[in-house]
Amino acid sequence: MKSKFAYTEEIDDLETAMEELKEQLQKGQPLLKNSCGIVMCDYDMDTQELTVRLKEEFDFPVIGCVSMGTLSKQRGFSEMSIQMLVLTADDCEFHVGISDKIESSGLGQIKALYKKLSEQKTEKEKVIFTLASPWSGRNEVFLNEELVDVLDEISGGVPVFGGCAGDGFQFSAANVFFDGVSSMGRVAMILVCGKIKPLIKTEFSTKEKTISKYKVTKSEGRNVYTLNNRSIKTVLEEAGLVKEKSEGVTRFVNTPFISTVKTDDGDTIDRLSGIYYLDHGMDYACFMRNIDVGSELSICMISKEGVETSVKEAFQHIFEKIQEEKEYTYSTIICISCVARYGLIITDKNLEARAYQGKVPDEINLIGMYSFGEFCPVRGKRGGKLYNAYNNETFAILAI
């Protein structure tokens, strides 16, 4: 498989934008038998017009989403831009689609989309690349974790990689798009089949734990009430994390939580999550994903310095694995970082991009974005097996 990359800062005049993208993609190697495109763009765009123009201008399917910021090899961090990655191969198939609008839990629309795409393939997919907008409106219906669980179950554990659209923190135009359709409350998906060898790395950037592990003794879904049979608010107060009456997600941006949970086959994995808000009246903390009773929860610290160092180490790990591979040539790196990390490094927005700039091999293209949650498998502690997971505040890397 090969890939091509194109970029434009023209987000208002889409006719000019399409011309610039096409001109860049026409350079170099021609496209191979099968191709598909991935677009990541600024959230202040008319994505309905954009997806219509993409359908008109390119003879291969293109999915996309909006983001607070994007990453590329050439420019590092970018805002107010459109970037496009094209995957192309003679020995791979790309089955692409977008779900009907998700109006409630259960995700029957996702199951239907996966079934539809699966019926088209001639062999088992190696990766499910997913761009999601699980919000159904300002009531902020979070279905990210359920989405990963559903895809994991119906695919039989195929790696699910991707992230969520974001429009600042407005939650009113966090759109995904494909084939002339653009809206919130949908999921766009590519089943990648064929001769690829995915390399996956999820970086937590939390080497220093600030408090020992607690056991979750009372929780319901995303709401955690007690740790070690003590109020979670009391625990947070003792840790110096509660200072104001109103505690939203930005208050806890540099103190995410690692939860250690058991898998169905007896292994254990770590997952990273942040607090969405702390309810003082009801005395509970609402997390960005479900926290089960009996799981272990550790308060961690993320710093700008730690982020820069750990992301460098994560890319170094990927680059070493790429160099070790003798029978397969890698052409593409896709990375997804969390908007919480974006908030932490906002005074130095190129901090994470510096981890790879100047180090990515010439033959490899890189595309990435800041996401409201990352879909990326994590490794089990017992044998290194990959388990699909929905995390927050991580930096996720996929090389194919």
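The values are calculated or read from the model by the stated rules, or taken from the named source; none is laboratory data. Bear in mind that the values here come from a model prediction, so they are computed numbers and not experimental data. Here the Cβ positions follow ideal geometry from the backbone for every residue, glycine too, while neighbour counts run over all protein chains shown. Accessible surface is based on the protein model in full, side chains and every heavy atom, while ligands, DNA and RNA are left aside. Shrake-Rupley method; radii C 1.70, N 1.55, O 1.52, S 1.80 Å.
Brief remarks on what is shown
- Note on residue 324 and residue 100: the model spin-label points, each 7 Å out from Cα along the C-beta direction, lie 4.6 nm apart.
- Taken over the Cα atoms of segment 306-349, the convex hull encloses 76 Å³ per residue.
- Summarising the strand pairing of the chain, around 85 percent of its internal DSSP beta bridges are antiparallel.
- For the chain, the longest principal axis of the C-alpha atoms and the axis of helix 14-26 are separated by about 70°.
- Estimated from the Cβ-Cβ distance and a Förster radius of 51 angstrom, the FRET efficiency linking residue 228 and residue 79 is about 0.75.
- Element breakdown for segment 79-124 at a 1.4 angstrom probe: carbon and sulfur atoms account for 47% of the accessible area.
- Alpha carbon centroid spacing (whole Å) that separates segment 347-371 from segment 307-321: 11 Å
- Once the Cα atoms are used to define both axes, helix 108-118 deviates from the longest principal axis of the chain by about 40 degrees.
- Each principal axis of the Cα cloud of segment 51-123 was evaluated for its coordinate range; sorted largest first, these ranges are 38, 37, 24 Å.
- Solvent-accessible area per residue for the chain (1.4 angstrom probe, square angstrom): 40 Å²
- Over the chain: Rg over Rh, Cα atoms, Kirkwood Rh: 0.95
- Normalised by 2.2 N^0.38 Å, where N is the number of residues, the alpha-carbon radius of gyration of segment 243-386 equals 1.22.
- If you look at the Cα atoms of segment 258-317, you get an Rg and a Dmax of 14.9, 46 Å.
- Values of log10 I(q)/I(0) for segment 9-112 across q = 0.17, 0.23, 0.25 Å⁻¹ run -0.90, -1.33, -1.42, by the Debye formula with one identical scatterer at each alpha carbon and no solvent.
- Candidate cross-link partners of residue 218 among the lysines, defined by an alpha-carbon separation under 23 Å and a same-chain spacing of 8 or more, comprise 209, 233, 245, 262.
- Compared with the direct C-alpha span, the chain from residue 116 to residue 154 gains 12.4 nm at full extension, assuming 0.36 nm per residue.
- Between residue 12 and residue 55, the distance separating the two model label sites (each 7 Å from Cα on the Cα→Cβ line) works out to 2.7 nm.
- Reachable lysines, given that their alpha-carbon falls under 20 Å from the alpha-carbon of residue 27 and they are not under 8 places away in the same chain: 2, 4, 73
- Heavy-atom accessible surface of segment 241-400: percent carbon and sulfur, 1.4 Å: 47 percent
- Rg over Rh for segment 161-292 works out to 1.03, both radii taken from alpha-carbon positions and Rh defined as the Kirkwood radius.
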